[in-house]
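Participant: Dumping the structure here so I can ask a few things about it.
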Amino acid sequence: MKRFRLIGIGAGDPELLTLQALQALREVDVVFLLEKAGRGKDELTALRRQIMGGVRPDGDYRTCEVQSPPRPPVTDQAGGAGAAAYRVVVANWHARKRAMFSRLISEELADGQTGAMLLWGDPSLYDQTIPMIERVLSDLNEPVQLDVIPGISAVQLLTARHRIPLNRVGESIAIITGREAEEIDPTLVHNSVVMLDYSAAFQRFTGQAMDIYWGAYLGTEDELLVAGAVDQVVDDLLALRAEARLRKGWIMDTYLLRRRSAAEPAGD
Ligand SMILES: C[S@@+](CC[C@H](N)C(=O)[O-])C[C@H]1O[C@@H](n2cnc3c(N)ncnc32)[C@H](O)[C@@H]1O
């Protein structure tokens with residue numbers, strides 16, 4: 001029987017690999033590397049190669065490199081932005097990716113072999129590879145065992161770097177996209193992590209008695225951290241973000257927006 005592993009590699013620093021991930025990588029016969037164009041994707045692919053080189057210096061495994069189908073811009077595909085149009089675009093893109101995975105697992109992995117993909121951060125967070133592979137495997141005419149190895153996500157790295165818990169006592173935590181942060185009524189946000197933000201949506205949250213804990217390129221040598229009242233740090237943060245984006249050509253940031261409470265309860 002074939003085995004396919006989705007391995008969380010942590011969000012930036014190879015030292016974030018768990019012992020379980022290390023062991024899983026040691027057992028792999030074929031590593032599938034999805035090459036994606038632009039926006040620092042080449043740097044992320046290079047990091048995956050670096051991880052494999054470190055874990056398997058013998059090179060006793062095969063690397064299968066494939067071009068991942070690029071996600072088309074929403075306007076090109078469905079005539080306008082908005083949630084429904086976005087879902088159509090993503091569904092089409094996922095179908096193309098499923099076809100690619102189906103071919104890879106059928107043709108590039110032999111019976112008895114273990115294949116793996118190295119997924120950024122944790123496979124469960126804003127990553128649809130698990131359901132995509134589940135669906136591909138259920139459509140294949142052969143049994144394939146799927147394993148998922150958790151990883152340290154950008155959210156965990158962010159809170160560790162800022163030395164904060166994700167939530168205060170008894171408080172809920174939401175994880176939202178930049179797209180949602182662009183549209184939501186700011187008064188409804190109390191304690192939310194924002195990911196996949198392409199337009200610095202935090203600037204909508206001034207005048208809200210909110211703090212921000214922001215991190216970019218977490219776990220890498222370019223790591224940037226900013227914390228403070230949104231009202232006070234917003235201008236500097238916008239400038240820092242723009243400068244970093246210009247310098248590197250891409251940015252990957254995550255932040256927590258937290259409404260300040262008059263009497264912050266002590267404890268955990
Ligand atoms: C497609 S999601 C993948 C998240 C990943 N599965 C995880 O567990 O962190 C990509 C988003 O994660 C966040 N992200 C991932 N790595 C990051 C890093 N090293 N520094 C800051 N944000 C990061 C950013 O918000 C980025 O837009």
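The values are calculated or read from the model by the stated rules, or taken from the named source; none is laboratory data. Predicted model only: the values in this text are computed from it and were never measured. Every residue, glycine as well, gets a Cβ built from its backbone with ideal geometry; the counts of neighbours run over all protein chains shown.
Participant: What residue, of R241, R247, is within 16 Å of the ligand (Cβ to nearest atom), closer than 27 Å to D122 by Cβ and free of Cβ contacts under 8 Å to residues at least 60 places away in the same chain?
Facilitator: Going through R241, R247 in turn, the sole match is R241.
Participant: Please tell me if L240 is outside the structural domain of I51 (by TED's automatic domain parsing), modelled with pLDDT of 95 or more and closer than 21 Å to D13 by Cα.
Facilitator: Spelling it out, it is not the case that L240 is outside the structural domain of I51 (by TED's automatic domain parsing), modelled with pLDDT of 95 or more and closer than 21 Å to D13 by Cα.
Participant: Does region 116-124 contain at least one residue that is away from the ligand (no atom under 16 Å from the Cβ), aromatic (F, W, Y) and either surrounded by 15 or more Cβ atoms within 10 Å (Cβ to Cβ) or farther than 23 Å from M52 by Cβ (or both)?
Facilitator: No, the conditions are met nowhere in region 116-124.
Participant: Scan region 125-146 for residues that are away from the ligand (no atom under 16 Å from the Cβ) and either outside any helix (DSSP H, G or I) or under 13 Å from R5 (Cα atoms) (or both) and report the count. First the steps, then the outcome.
Facilitator: In the first step, residues of region 125-146 are kept if they are away from the ligand (no atom under 16 Å from the Cβ); the result is 134-146.
Imposing the further condition that a residue be either outside any helix (DSSP H, G or I) or under 13 Å from R5 (Cα atoms) (or both) reduces the set to 134, 137, 140-146.
Looking only at that region, the number is 9.
Participant: Now, a different point. Can you find a residue in region 43-65 that is part of a strand (DSSP E or B), closer than 30 Å to R247 by Cα and modelled with pLDDT under 95?
Facilitator: yes
Participant: Do you know which residues across region 79-115 are assigned to a helix (DSSP H, G or I), more than 15 Å from the ligand (Cβ to nearest atom) and of a type in the set (A, V, I, L, M)?
Facilitator: A83, A84, A85, V88, V89, A91, A95, A99, M100, L104, I105
Participant: May I ask you to say which residue of V193, V234 is in contact with a helix residue (DSSP H, G or I) (Cβ under 6 Å, 6 or more places away or on another chain), among the β-branched types (V, I, T) and within 16 Å of T177 (Cβ to Cβ)?
Facilitator: Of the residues listed, the single one that is in contact with a helix residue (DSSP H, G or I) (Cβ under 6 Å, 6 or more places away or on another chain), among the β-branched types (V, I, T) and within 16 Å of T177 (Cβ to Cβ) is V193.
Participant: Under 28 Å from D253 (Cβ atoms), touching a strand residue (DSSP E or B) at 6+ places or on another chain (Cβ under 7 Å) and touching a residue at least 40 places away in the same chain (Cβ under 8 Å): is that true of L146 in this structure?
Facilitator: The answer is no for L146.
Participant: Given the options E27, E15, name the one that is more than 18 Å from E108 (Cα to Cα), assigned by TED's automatic domain parsing to the domain that holds Q128 and more than 12 Å from the ligand (Cβ to nearest atom).
Facilitator: Going through E27, E15 in turn, the sole match is E15.
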